[in-house]
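The values are calculated or read from the model by the stated rules, or taken from the named source; none is laboratory data. Quick caveat, the model's predicted, so the values are computed rather than measured. So basically every Cβ, Gly included, is an ideal-geometry build from the backbone, and we count neighbours across all protein chains shown.
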Amino acid sequence: MRLPIILQILLFAVLNGYYIAVEGAFSATVESGEEHCYNVIAPAGVQSVIHGNFDILDDDESPDPIGVVLYDSKMTPVWRSERQAQEGTFSITGEGKYELCIQNGNMGSDDYVAPKDGIDREVGFAIRVVPPQRGIEGEAGPDDRLTSHLIELSEKLMEGLDTMTDHQEYMRERENRHAMLADSTFNRVKEWTFLEAIVLVLISFGQVLYLKKFFEQRRYL
């Protein structure tokens, strides 16, 4: 069962005939028992690298109901997250349309995640399409092979740097969430402290009135 929550995200742009990948990580709140899907299109006719990652930002909640799956144009899973994984990364080569789906809770008999537990979860994710480098086809000599090897290493290095940058974004998002929680807690403490002070003043005033009345009655006796 797939819910009709399909968000089209074009992670590349056309500029002078070249495809360029869009940088940045995203986050989405996935409601319990629902699934969010995001489409990405790789250039046709070339084998591009589609890589990305995910991270569950709710550290206090169990990751069991969260499952992340990457489908190809035939809706065949080409990658899926591990069971009970808090985070994960993927990297494949291909072309055409791909769909990254994030679900919160078991949605069918074939699902591998835990049943929904009624808790919404925020998931950070990133997906990039990197077209192959040009000018490396038909290498013949040792210099060409060395160049090809260096380009391959640089692509892996950039992929690792992208993943590290994404996780830094996730950490900043966590810091923002924790700051908001701390600010909310501080405001509640102030409210309760103010209310407690009012109650103490009223009790003290009541005690003063009671003692005053008590001593007045004894004086009349």
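Annotations for the structure displayed:
- Which numbered condition residue 7 misses (of (1) more than 30 Å from residue 84 (Cβ to Cβ); (2) modelled with pLDDT under 85; (3) part of a strand (DSSP E or B)): (1)
- Residue in region 53-62 that is more than 17 Å from residue 35 (Cβ to Cβ), surrounded by fewer than 21 Cβ atoms within 10 Å (Cβ to Cβ) and of a type in the set (S, T, N, Q) present: yes
- Of all residues making up region 30-60, the number that are over 21 Å from residue 92 (Cα atoms) and part of a loop (DSSP other than H, G, I, E, B): 8
- So residue 195, is it farther than 21 Å from residue 56 by Cβ, at pLDDT below 80 and loosely packed, with under 11 Cβ neighbours inside 10 Å: no
- Residue within region 23-33 that is acidic (Asp, Glu) and either more than 24 Å from residue 130 (Cα to Cα) or modelled with pLDDT under 90 (or both) present: yes
- Strands (runs of 3 or more DSSP E) wholly inside region 61-101 containing at least 3 residues that are of a type outside the set (Ser, Thr, Tyr) and in contact (Cβ under 8 Å) with a residue 24 or more places away in the chain: 66-71, 87-94
- Leading residue by the ranking (surrounded by the fewest Cβ atoms within 10 Å (Cβ to Cβ)) among those in region 92-122 that are at pLDDT below 85 and acidic (Asp, Glu): 110
- Given (1) outside any helix (DSSP H, G or I); (2) modelled with pLDDT of 75 or more, index of the condition residue 180 fails: (1)
- Options 207, 217; residue that is surrounded by 10 or more Cβ atoms within 10 Å (Cβ to Cβ) and in a helix (DSSP H, G or I): 207
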